Each structure stands twice: as C-alpha cells, then as structure tokens.
Amino acid sequence: MVILRCRFLTINLAPLRPSHFHSQKLHHTTRFFRTPNLISTPRITTSSSLPTTRSISDEARFARSVLFVPPGVEVEELTDDMVLPGSNIVIGPFAGHSQIKQVEFVKSSARARDCPKDDLPEIAILGRSNVGKSSLINCLVRKKEVALTSKKPGKTQLINHFLVNKSWYIVDLPGYGFAKVSDAAKTDWSAFTKGYFLNRDTLVCVLLLIDASVPPQKIDLDCANWLGRNNVPMTFVFTKCDKMKAAKGKRPDENIKAFQQIIRENFKQHPPWILTSSVSGLGRDELLLHMSQLRNYWDQ
Ligand code: GDP
C-alpha cells in the first residue's frame, strides 16, 4: 500500500490570486443563503471580496487557505486531531449520525424538474466514466449493485435518487467522458447535467470523483472549473488510492499533488478533498462524516 502523506499535499500554497472567473454571475442565491460559508467550497474570487482588513494571524490565514474549515469552528482553535485523516477536512460541531442504515432506490429522472420534490437535502456523485463511482457508492452504502442504473455508455443517462435513512439522498449522476460516445451525446450530457446543477436547490454538495491512479485529466479539471464558476459546492474525492505504482505511471500521491497544484491556480481556497479506496475501505467513514456535517448544516 502506498503511504500517502495526504494531509500535507496542499502545503506550499501558491500565492492567492484572483481566479479567472471574475465576471461570472452568482447563481443559486437560495442555496448559498442556506450554506453561507461552507468555507473551502470553491468560491468565485473577486478582488472586492478578498478580505483586506480582517486581523487574523498569518498562521490562521494559512490554515484557512489549506483546510476546509466548516461552520462552527474557529480557525484559531484548530488542532491536528480535528482534521480527518487522509483529507484537508476539519470536522466541526455539525458532524454526526453519519452511518448509512437504510437505502432505497427512489427514481430515475431525465430532467432536473422530474427529480423528487420532497425538499430533502442531497449529495450528488459525479465523475468520469470508470473513475470508480459505482464502486464508491456501493462501498458507502455497503450494498452490492445499488448504483448500476446509469452505468452503460450510450444508454439513456439519468439522474438516480437513492433515499438514505429516509432523510437525505445520494444522487448518482451520469458519468462523463465516455471514450465511445459521440460529440453530440457528450453535449447532451452537458446540457442535461448542467441543468441539474443550476436548478436543484436541495443540492448540498457535489462529490467530484478523481481517479488517483492517473495523472490529472483535462475533462476533470474542466468539470471542476465549471462547478467552481457556477458556485456549486464540491468535494474532491480521490478514488483508487490503494493502487500501487504502475510500471510506467506515477503513484497516486504524485497524481493527486499534480491535480491539486492545478486547482490552486484557479481557486482562491482549495475545496475539501479526501482520499478513498473502495477496495480497502480507505476514507469511507471519514467521507460519510464529512457528508454528515455538510448535510446537517444545510438542514438546520
Ligand atoms: P464507474 O464507471 O465510475 O462506475 O467505475 P466502477 O466503479 O465500475 O470502477 C471502474 C473500475 O475501477 C473497475 O474495474 C473497478 O474494479 C475499479 N475500481 C473502482 N474502485 C477502485 C478502487 O478503489 N481501487 C481499485 N484498485 N480499483 C477500483
């Protein structure tokens, strides 16, 4: 097993710079009113919104730019044991009740407006085809074959809602970047899934899955940038972190570091990130705990 010095991967931050997303309009006013400061979610940086007069220490400023500090936690009071192992995520007072006791498939929807209308919070899972999305969902819910509905390339791509503990949804979104799908089909995916992100007020966060066994992929970076530009809160979930170094390839920690370096160039604050493996179970409980604090804060 590769030993990942994950907590330090975001250290050596490049100087903060305004993102190139300046002129983007903010969307989802309602949602972001309800989640006013899920801190390290990728905010659009504008020069006018940069904190100029806050008197926080350099250390605190550094911690805030590296870590995901949830509501209810004072940066100055941070201690090492508040950071989830294998992540940059601080656990705060909203975390709790994270285990999944019950899960049931509710429906597949072709459009955002067909999705369930019961106002329960939801966490969507998104990633390139083959990133390990089905495996991760099955690992989280500890059930085989839950996340198969949107699997086949070329088949109708649907938004799949799974009700968890009768109180929130995991949403399985169609994978992107199928090698064999035509440009037209890719565009359809785009319009369809973008519609979901832009219109779903109950969306708490997107887990954007990134395959740690391969170098950074343009399509993943494009997706992250698009979510960032549109103020959609996201968490990077690095998958397949158990994989040993391939004959020619780089190790997962090298790939992750390279990905984070690129992200830092576009985001003022690094979004939350966490290392996982569906094979070894690495990061499973930690990810569930993180999801619980996002949800509970949204739901208060
Ligand atoms: P999806 O297309 O994103 O749903 O990806 P799958 O869950 O079907 O996984 C794609 C491939 O990656 C399969 O061969 C899985 O066995 C493999 N895979 C998924 N997760 C992991 C993981 O955590 N570690 C390793 N080593 N392989 C994984």
Provide a single number: the residues in segment 109-130 that are within 16 Å of the ligand (Cβ to nearest atom) and among the hydrophobic types (A, V, I, L, M, F, W, C). 3
By residue number, the members of segment 190-220 that are acidic (Asp, Glu) and more than 16 Å from the ligand (Cβ to nearest atom) are 201
Got a number for residues in segment 138-160 being within 21 Å of residue 223 (Cβ to Cβ) and at pLDDT 85 or above? 4
Kindly establish whether residue 50 is at pLDDT below 70 and of a type outside the set (Ser, Thr, Tyr). yes
Filter result for the condition that a residue is open to solvent by 40 Å² or more (accessible area, probe 1.4 Å), modelled with pLDDT under 95 and within 22 Å of the chain's Cα centre (by Cα), over 135, 109: 135
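The values are calculated or read from the model by the stated rules, or taken from the named source; none is laboratory data. Keep in mind that what you see is a predicted model, and the values were worked out from it rather than measured. Glycine also receives a Cβ, built like all others from the backbone with ideal geometry; neighbour counts cover every protein chain displayed. For the accessible areas, the whole protein counts, side chains as well, though only heavy atoms, and no ligand, DNA or RNA atoms are used. Shrake-Rupley method; radii C 1.70, N 1.55, O 1.52, S 1.80 Å.
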